[in-house]
1. Out of the residues in segment 325-337 meeting the condition of being open to solvent by 40 Å² or more (accessible area, probe 1.4 Å) and within 14 Å of I297 (Cα to Cα), tell me which one is farthest from ligand 1 (Cβ to nearest atom).
2. The conditions are (1) away from ligand 1 (no atom under 15 Å from the Cβ); (2) modelled with pLDDT of 95 or more; (3) crowded, with 16+ Cβ neighbours inside 10 Å, and L357 fails exactly one of them. Which is it?
3. What strands (runs of 3 or more DSSP E), lying completely within segment 41-145, carry at least 1 residues that are among the basic types (K, R) and out of contact with any Cys (no Cβ under 7 Å at 6 or more places or on another chain)?
4. Here is a list of conditions, (1) more than 16 Å from ligand 2 (Cβ to nearest atom); (2) crowded, with 18+ Cβ neighbours inside 10 Å, and N305 meets all of them except one; can you say which number that is?
5. Any residue at all in segment 307-329 that is modelled with pLDDT under 95, farther than 30 Å from H32 by Cβ and in contact with a strand residue (DSSP E or B) (Cβ under 9 Å, 6 or more places away or on another chain)?
6. Tell me yes or no: at least one residue of segment 162-169 is farther than 21 Å from E299 by Cβ and open to solvent by 10 Å² or more (accessible area, probe 1.4 Å).
7. Can you tell me which residue among K69, K53 is over 24 Å from A25 (Cβ atoms) and open to solvent by 10 Å² or more (accessible area, probe 1.4 Å)?
8. State all residues of segment 96-124 that are farther than 17 Å from E152 by Cα and open to solvent by less than 40 Å² (accessible area, probe 1.4 Å); if no residue qualifies, say none.
Amino acid sequence: MQYRRFGKTNLRLSVFSLGTMRYLASPENAWHTIHKAIVLGINHVETARGYGKSEEYFGEAIAVGLPVKRSQVHITTKIPPTPDADTMRRYIDESLERLKLDYVDCLGIHGLNTWEHFNWVKAKGGCMQAVHEAIADGRVRHVGFSTHAPLEIILAAINTDLFEFVNLHYYYFFQRNAEAIQRAFEKDMGVFIISPADKGGRLYTPPQTLKDLCHPFSPLELNYRFLLSDPRITTLSTGPAHPDELTEPLQVADSEPELTPEERTVFQRLENHQKAVETDKCSQCYACLPCPENINIPEVLRLRNLAVAYDMTDFGQYRYRMFENAGHWFPGMKANRCTECGECLPRCPENLDIPALLQDAHNRLNGSSGRRLWS
Ligand code: SF4
Ligand code: SF4
C-alpha cells in the first residue's frame, strides 16, 4: 500500500480509503470489512451521518477493537451543511457518540451542492462556527467538504479557504472537475475521489466493448491507474459490500505512480475509438447552459456519448434515471422536457442538433426511476 500526504492536513493516507456505505448487511460484516481493510494497509475509513447505520456499526467495531492503535487509523465522518450552528453542534455530538470516539480526524461537510449550502458555510454564526468550536476543543482535527455540485460552486467553496480537503467526482470518463483538482492542489488541499468504481462508470460490470478496448487491463484498473498517476490526488474511495470486494482495487495499490507505455497505449486506443465512432460527440464544453427547462444538457450528452462509444448503456441508464429523483445530489430535468426553444443552439461550438440528441438520449437511457444508494 502506498501513502500520500492529504494536503495541508499533513495526514498520510493510504491511496485507497474504505468507504462504509455498503457494508451494512450486519455489524459482523462491517467489522470483518473494516478489519480486513486495515490489515491490508488502508489507514483511512470514511463514514457519514447519512449512511444508515454506518457510523453505528463502525463505532461497534471500534469498541470491539481495531487491529491497530486508534492513532494509526484516520477516521472521517461527514455531516450535511446546516443553516445554523446549533444543529451542526448537535450533529457533531451525535456522530461522535455513534462512533464511540472522542475525536474524528476529519469532518467533511457532506454534499456542499448548491449556492444555498455555500451561503450557509460562509455565513457568520452558521454551521462552520460549530465546526470551528469542535476543532478548538479537539473533537475534530481537520475540516473539508464533499460535493456533487457544478464546477462553479466547487471552485467557489475551495476559494473560501475554509477547507483542508475536498471529496469530489473526477474519473477517466468524467474530467469536468479537472480545474477543481488543480485549484485544490494550488491551495494545498487533500483530494479524495468519490467512488471511482461506481460513479466512474459502473466499472465493476463493464460491457464487452469496453473490456475489449481496455485489454489486457480491466476498465476499473485503468480508471484507478488514471487517477493514481496524478500526484495531485491523495486517495480513492472503495466501498466494498463485504471483505472480498477489497481484493480487486488493492491490486493497484502498490503500482508505480507513472503510467506505463502499455497503459498509455490503451488510453490512446480509448480516445481513438471515441473519435472514430459516429457519436455526434458533445465535447463537454458546457457552453449550452443554462437551459430554461433546467436540463443538464452536457451531462445527458456525456451519458449518451458513453453509451454510443463504449456500450456503457447500463451505466448511462443508472445515472440518467436519477434526474428528477435525487434532488441536489443529481440535479436537472430529463431530456424529454426539451421544448425545442432553440436557445442553446447558437451557443454550441460543435453545432450539434441538441434537441434531437436529447431525444435520442432519452430513448436510450430512460426507464424506471433510479434511487440513490443511501438517503
Ligand atoms: S432547445 Fe431544449 S435543451 Fe435547448 S435550451 Fe431549449 S429547452 Fe433547453
Ligand atoms: S455546447 Fe454543445 S458541445 Fe458544448 S456541452 Fe453543450 S452540447 Fe456539448
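1. The residue in question is P331.
2. The failed condition is (1).
3. Working: elements: 44-46, 74-79, 104-110.
Hits in segment 41-145: 74-79.
4. (1)
5. Yes, segment 307-329 contains at least one residue that is modelled with pLDDT under 95, farther than 30 Å from H32 by Cβ and in contact with a strand residue (DSSP E or B) (Cβ under 9 Å, 6 or more places away or on another chain).
6. Yes.
7. Exactly one of K69, K53 is over 24 Å from A25 (Cβ atoms) and open to solvent by 10 Å² or more (accessible area, probe 1.4 Å), namely K69.
8. Start the filter on segment 96-124 by keeping residues that are farther than 17 Å from E152 by Cα, which leaves 96-110, 123-124.
Once the filter is applied, which keeps residues that are farther than 17 Å from E152 by Cα and open to solvent by less than 40 Å² (accessible area, probe 1.4 Å), segment 96-124 yields L96, L99, L101, Y103, V104, D105, C106, L107, G108, I109, H110.
The values are calculated or read from the model by the stated rules, or taken from the named source; none is laboratory data. What you see is a predicted model, and the numbers here were worked out from it, not measured in a lab. Ideal geometry is used to build each Cβ from the backbone, glycine not excepted, and the neighbour counts take in all protein chains shown. Only protein heavy atoms, including side chains, enter the accessible area calculation; ligands, DNA and RNA are left aside. Shrake-Rupley method; radii C 1.70, N 1.55, O 1.52, S 1.80 Å.
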